[in-house]
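The values are calculated or read from the model by the stated rules, or taken from the named source; none is laboratory data. What you see is a predicted model, and the numbers here were worked out from it, not measured in a lab. Please note: Cβ atoms are built from the backbone with ideal geometry, for glycine as well, and neighbour counts cover all protein chains shown. Heavy atoms of the whole protein, side chains included, go into the accessibility calculation; ligands, DNA and RNA do not. Shrake-Rupley method; radii C 1.70, N 1.55, O 1.52, S 1.80 Å.
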Amino acid sequence: MKIVFVCLGNICRSPMAEFIAKYYTKRRKIKNLEISSCGTANYHEGQQMHHETKVILDRYDIPRFGFRAKVINKEIFDSANYILVMDNLNYEDVVNKFGQNKKILKITDFCSLNYNEVPDPWYSKNFEETYEILLNSINNFFMWLKLND
Ligand code: 4NP
């Protein structure tokens, strides 16, 4: 099964989500999952993740090897079982590019904190908030997945 996290630039939120999810599945010995991330925009294509995203992942001892920002394309979209976007703009962008599809979900639909989008830390500068929302949402997503797949 393939899970793809999507944000705008693929340097702040979706890379953080990718490595939180990889760490979660490794610790729970969940196999046969391919987890990646990409952006809807090409502003940072080929770049490393944002410095503050690295700081957060390092703070929580979450490995973050081998990352380069990339842009979503048809192959990534078609091969994914779940496309997990961060906010309403990402949702619209993905639907506009590839059409409405049940596999496109907003990660905060699984969040039990009081958020209906993951605010963009590129603007808010609050990367700790991003981590808290993503950790909560990803844990709940995997519980849902176990019940639904
Ligand atoms: P991300 O954050 O979508 O969470 O990676 C952003 C990164 C870069 C820009 C916007 C959002 N930008 O405008 O360059």
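If you check Lys26, Lys70, which single one turns out to be touching a residue at least 40 places away in the same chain (Cβ under 8 Å) and open to solvent by 50 Å² or more (accessible area, probe 1.4 Å)?
Exactly one of Lys26, Lys70 is touching a residue at least 40 places away in the same chain (Cβ under 8 Å) and open to solvent by 50 Å² or more (accessible area, probe 1.4 Å), namely Lys70.
Exactly one of these conditions fails for Lys70: (1) within 20 Å of Asn140 (Cβ to Cβ); (2) basic (Lys, Arg); (3) touching a strand residue (DSSP E or B) at 6+ places or on another chain (Cβ under 9 Å). Give me its number.
Lys70 satisfies all of (1) within 20 Å of Asn140 (Cβ to Cβ); (2) basic (Lys, Arg); (3) touching a strand residue (DSSP E or B) at 6+ places or on another chain (Cβ under 9 Å) except (1).
Taking the conditions exactly as written (in a loop (DSSP other than H, G, I, E, B) and surrounded by fewer than 17 Cβ atoms within 10 Å (Cβ to Cβ)), does Asn101 satisfy them or not?
yes
Of all the residues that make up the stretch 54-85, how many are under 22 Å from Lys2 (Cβ atoms) and not in a strand (DSSP E or B)?
The total comes to 20.
Pull up the stretch 108-128, narrow it to residues that are away from the ligand (no atom under 12 Å from the Cβ) and not in a loop (DSSP other than H, G, I, E, B), then point me to the one that is surrounded by the most Cβ atoms within 10 Å (Cβ to Cβ).
Residue satisfying both the conditions and the ranking: Thr108.
Can you name every residue in the stretch 1-39 that is at positive phi and either in a helix (DSSP H, G or I) or among the polar types (S, T, N, Q) (or both)?
Listed by number, the residues that qualify are Asn10, Asn32.
Would it be correct to say that Tyr82 is farther than 16 Å from Ser14 by Cα, touching a residue at least 60 places away in the same chain (Cβ under 8 Å) and in contact with a Leu (Cβ under 9 Å, 6 or more places away or on another chain)?
no
Going by what's in this entry, would Lys146 be described as exposed (fewer than 14 other Cβ atoms within 10 Å of the Cβ) and within 15 Å of the ligand (Cβ to nearest atom)?
No, not satisfied.
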